[in-house]
Amino acid sequence: MGKATKHTLDVQWICTKPPGSVSLKDHYIRTNYLYQASTLMALSASSDSPDSNSLNDLLSRSYVHNMNWVVKKALIKLSPTIKRTVCKKCNRRLISGKNCSVEVTNTSNLKTPVNDILTVSCICQKFKKNYPIGKNLNYKIFAHNDNLLPVK
């Protein structure tokens with residue numbers, strides 16, 4: 001850090017951006033906060049009936065809706081892992097065993113592990129997503145690759 005005397009300031013230290021800074025950082029921070037808040041509210045929602053519209057469930061859905069609004073307005077990209085944990089139809093934060101069901105199915109005639117499909121379905125019964133998990137065991141999501149370029 002540059003030394004500041006009584007009347008002069010190290011101008012170079014103030015004007016340069018730190019290396020690897022992220023543009024629109026405040027939007028990412030807000031998105032992260034809304035995601036964590038929706039997770040907390042979804043976990044604390046009453047589990048008396050799976051389709052109950054408790055206050056915490058409604059708050060959780062509202063936080064996810066606001067998160068999607070911030071992402072669209074700021075033109076930022078979410079990680080695929082975050083996108084997979086949100087219902088696109090009812091804006092619920094999908095938590096296995098709480099408000100969504102996860103099962104592995106194999107509908108092929110051969111019943112080989114290569115044809116396994118992970119099915120995630122929301123309790124709203126409008127959202128069902130299939131992920132082929134048996135095709136390539138070494139597959140990595142693009143965001144999880146180690147050889148990505150650093151952010152500048």
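What to note about this one:
- Extension gain from Val22 to Phe142, taking 0.36 nm per residue of separation minus the Cα-Cα distance: 41.3 nm
- When the listed pairs Lys25/Lys77; Lys98/Lys140; Lys88/Lys128; Lys72/Lys140; Lys83/Lys129; Lys72/Lys126 are checked against a 20 Å cut-off, the alpha-carbon distance exceeds it for Lys98/Lys140; Lys72/Lys140; Lys72/Lys126.
- Added length on full extension, which subtracts the Cα-Cα distance from 0.36 nm per residue, Asn56 to Asn109: 14.7 nm
Read the figures in this text as sums done on the coordinates, not as results from a lab. Being a predicted model, the structure only gives us computed values, none of them experimental.
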